[in-house]
Every structure is written in C-alpha cells, then in structure tokens.
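Readers should treat all values here as calculations from the given coordinates under stated rules, not as data from a laboratory. All figures in this text were calculated on a predicted structure; none of them were measured in a lab. Here the Cβ positions follow ideal geometry from the backbone for every residue, glycine too, while neighbour counts run over all protein chains shown.
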Amino acid sequence: MDEQEYFVRLESTASNPEDLFEHFEQRSTADRTYHALPSARHGIERGTVVIEDTIVRGYPKIPRVLVLNVGVPSFFEQELAIEEKLDGVNVRIADIGEPLAFTRSGYVCPYTTARARELLDPAAFFREHPEKTLCAELVGPETPYTTHDYDDIDSHTFRVFDIRHRESGRPLPVTDRRELCAAYEFPQPRLFGWYEPREAIEGAREATTELNRKDREGIVMKTLNGEQMAKYTTESQHHEELAYGFSLPFDRGRDFVFSRLVREAFQAAEFEDDDDQLRKRAQRMGEAILLPMVETIRNTADEQAVGERFTVRGTPQQIDALFEHLYDQSLTLDVQDDRREDGERIVEFVKVAESTRDQIQYYLEEGIHRE
C-alpha cells in the first residue's frame, strides 16, 4: 500500500502518513488483503477501508439529541427530514470488483455480503453508480448481530438509509437518495416528513411516541442535503438496551449502562408531566434492569450458556463462511441447534459472554464481593 498516496486521498488531519496508518489494521478475506481503521482517528471515520486501490469511507458518528425542545433548534438551522431509525447492524455495501458488505468497524462480513447480493441485488445499481456506497441496516430476528423483532420481517432484510460517495463520504441529498432507492427497488426507512427546525420538535415527538407504542428504536433527523444528522430514541429502546446490558453485566460495562440511563432520564423529564406516569415508567425501567440480570444468574447456576442468542438462516456455504468469520474474531460460540429447512441451513447459537459467566460463577461459589 502506498501510504503517501492514500494519506493525500484521505485528507487526514494527521501530520504525516505514519501517524495515520499506524492505527490501521491489515486484514484478509477470500484471498483479498485490505487495511481497515477500527476506531476514528485524525479526522477519519471508524471503519474506513483501503482495499485494492479503493477507499471505502467509514460512516460518520451521529450525535444524539437528549432534549428535543432545545436540541433540535440549536443543532438544525435549516429544513430537515425525519426518518425512522431501525435497530439492526449498520453495513456499507461497495463494489470492489463485486459487491462487498463492510461492518461499522471495517470487517468484510461474508454472510452479510452474500445476503446483500441476494436481497438487494445491487449489480445494476453499481453498473450505473460504481463510485457510490449503499449504507444499509440489516434488520430482523435472524441475523448474527442483532435480534430485534419487527412485525413485518420474518427472518431478515435490508433498509437502505443513505447513499454516499465511496471515497469522499459525501451523502446524496435526502430526496435524491429516496428517489434512487425507489428506482432500484431498495427498501428504505419510513419517512415521517419535512420540517422547519421549530416544527420538527413536535414532529419528532409525535414520531417517537408512535414508534414507542410499536417497540421500535427511534428516529434520525437530517438536513435536506444529508450533511447534518442527529438521532433520538424511544423509551422502549432504552429499556431494551438496559435489559441487554444487565443480562451481560460483566461484559458490557458501566459506560454502556449509564449512557442509557441518562437518555431515559432526560426523555422522562421532557415527556412525563404526570407523576403517576413517571412512576410507572420507573417501574418498567426497574424491571428492564433487574429481571434479565436475575435470569442470567439463574442460567449460570443451572450451567446454561450465558450470552447473546442468535438465529441465522442461509445456504450451508453462507453459514460456514459466517462461523469462520466469527471464530476469526476469537469469539466463543455455543451452537444450540443446527437444522435444514427447504434447502436452507438454520443455526441457533449463543455468543458466550465469558466475563459475565466467569464472574457470576465466582460469586455463586465464593459469595464474596470485594468493592
């Protein structure tokens, strides 16, 4: 890799190529070698990839609004769109001689790549737009990364929420992107509407309330040119993430849990005017915290596998490639079920949370916690 050439093309804030590329990792997939940036450095987004003379820019980190009444008008100065934010895995699909799906941290996932080729069929799009990247969410109950249920998704699917220039990362304007997705029949997130910043406060509140009733994640607000973005999530999402965090208490850490508590507290302060409603909300949050942790303790005591549970579906070759990819990341997996249905292989497995399992086993055996 010619570090000087890519240093210039990436327009990094680093003082020289060495300062930038010491943070990249060399990886390989299907006889291809590439370099990926696992965390944001020197003005370059996490997940940025250099592969075969091509740069695939990482997806920018989206700031979060905590208080709608002040956050929206202070962050946005021009008209914006409100779209649904879906709970799934964020991938970027780019054509590198063939479509490849890159995760947020810059891994090429063979399973997601294969499913994207089948479900989105992006070959025609890339023939016409080879310089573009499709930014999509893989969602549904049968994925190897997230397990959120959606009423209209039986297994898994994609939602294209952004289209960006592959190397510069510049987004298409929202209207252009939605029209292009429609032209190629790419599924995309729901659009709630277009708003001036002051009007968007109530629009965001109404959209969030509606999505919360359906146990969905939240919204993303974007200026019409796609350059500025902010996200806002629902009460049900906060509780789901807290339940997840406390089901793996010694793997997810205090920062993960505290940030979700902060989001919930600010939203409750803004949304709940009635003390009775606030108390009911607090009870729901308490259940999200305590019940999954108790279940994990009991499962550990019963010697059941403790961790994240997933179901995946695909061809035998796709499933083999997925598990090879997961094992390459030094994950401990406990396969619970492996079966065939209509020519597809369906595997249920647990990504074992070793820190949580080991720590709980220690407390169950010793009964002492030294603070």
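Give me the distance between the Cα centres of the stretch 220-289 and the stretch 168-196, rounded to whole Å.
27 Å
Checking the a/c ratio against 1.5 first, then a/b against b/c, what shape does the Cα gyration tensor give for the stretch 236-301? It would help to have the intermediate numbers written out before the result.
Details: a/c = 3.66, a/b = 1.78, b/c = 2.06.
It comes out oblate by the Cα gyration axes.
Quick one: putting +1 on the C-beta of Lys and Arg, -1 on the C-beta of Asp and Glu, what dipole do you get for the chain around its Cα centre, in Debye to the nearest 20? Let's see the in-between values first.
On the way: 46 positive and 74 negative charges, 98 e Å.
The calculated dipole for the chain is roughly 480 debye.
Give me Rg/Rg_expected for the stretch 307-366, where Rg uses Cα atoms only and Rg_expected = 2.2 N^0.38 Å with N residues. It would help to have the intermediate numbers written out before the result.
Numbers: Rg = 14.3 Å, N = 60, 2.2 N^0.38 = 10.4 Å.
Normalised Cα radius of gyration, the stretch 307-366: 1.38.
To make sure I understand, if each residue's beta carbon is the centre and we count other beta carbons within 10 Å, what order do PHE250, PHE24 fall in, fewest to most?
Arranged by neighbour count, lowest to highest, PHE250, PHE24 become PHE250, PHE24.
At 222 nm, what helix-only mean residue ellipticity would the chain give, in deg cm²/dmol to the nearest 500, using -39500 (n - 2.57) for each DSSP H run of four or more? Display every interim value, and only then the final one.
On the way: 12 runs with 153 residues, N = 371.
After summing the helix terms and dividing by residue count, I get -13000 deg cm²/dmol.
Place a point 7 Å from the Cα of VAL294 along the Cα-to-Cβ direction; which residues of the stretch 249-273 have their backbone N under 18 Å from it?
Residues passing the 18 Å test: 249.
Tell me which lysines have Cα within less than 20 Å of LYS280's Cα, excluding those fewer than 8 residues away on the same chain?
Within the straight-line limit of under 20 Å, LYS280 reaches these lysines: LYS214.
Once the Cβ-Cβ distance between ARG64 and ARG9 is put in as r, and R0 is 25 Å, what FRET efficiency do you end up with, to the nearest 0.05?
Details: r = 31 Å, r/R0 = 1.22.
After rounding to 0.05, the efficiency reads 0.25.
As a footprinting exposure proxy, order SER259, SER236 by other Cβ within 10 Å, with the fewest listed first. List each step's numbers first, then the result.
Values: SER259 14, SER236 18.
Ranking SER259, SER236 by Cβ neighbours within 10 Å, fewest first, gives SER259, SER236.
What dipole magnitude, in Debye to the nearest 20, does the stretch 220-275 give about its Cα centre under +1 on Lys/Arg Cβ and -1 on Asp/Glu Cβ?
On the way: 6 positive and 12 negative charges, 90 e Å.
Charge dipole of the stretch 220-275: 440 debye, to the nearest 20.
Which listed residue (GLY253, ILE289, LEU278) has the Cα farthest towards the positive end of the charge dipole for the stretch 236-301, taking +1 on Lys and Arg C-beta and -1 on Asp and Glu C-beta about the Cα centre?
Farthest along the dipole direction, towards plus: GLY253.
Can you list residues from other chains, or at least 5 along the same chain, whose modelled amide H is less than 5 Å from the amide H of LEU333?
Answer set, sorted by chain and number: VAL352.
Dipole size in debye (nearest 20) for the stretch 3-56 around its Cα centre, Lys and Arg Cβ +1, Asp and Glu Cβ -1?
On the way: 5 positive and 11 negative charges, 47 e Å.
Charge dipole, the stretch 3-56, about its Cα centre: 220 debye, nearest 20.
Excluding same-chain residues fewer than 8 positions from LYS132, which lysines have a Cα within less than 22 Å of its Cα?
Excluding near neighbours in sequence, the set is LYS61, LYS85, LYS222.
Just going by the charge dipole of the stretch 307-366, with Lys and Arg at +1 and Asp and Glu at -1 on Cβ, which of LEU326, VAL347, GLY314 is farthest out on the positive end?
GLY314
If you count, for each residue, the other Cβ atoms within 10 Å and average over each peptide, how do 63-73, 109-119, 272-282 line up from highest to lowest? Display every interim value, and only then the final one.
Details: 63-73: 16.7, 109-119: 20.2, 272-282: 11.8.
The most tightly packed comes first, giving 109-119, 63-73, 272-282.
Arrange the following residues from fewest to most other Cβ atoms within 10 Å of their Cβ: VAL91, VAL312, VAL335. Mind showing how you got there, number by number?
On the way: VAL91 26, VAL312 22, VAL335 11.
Arranged by neighbour count, lowest to highest, VAL91, VAL312, VAL335 become VAL335, VAL312, VAL91.
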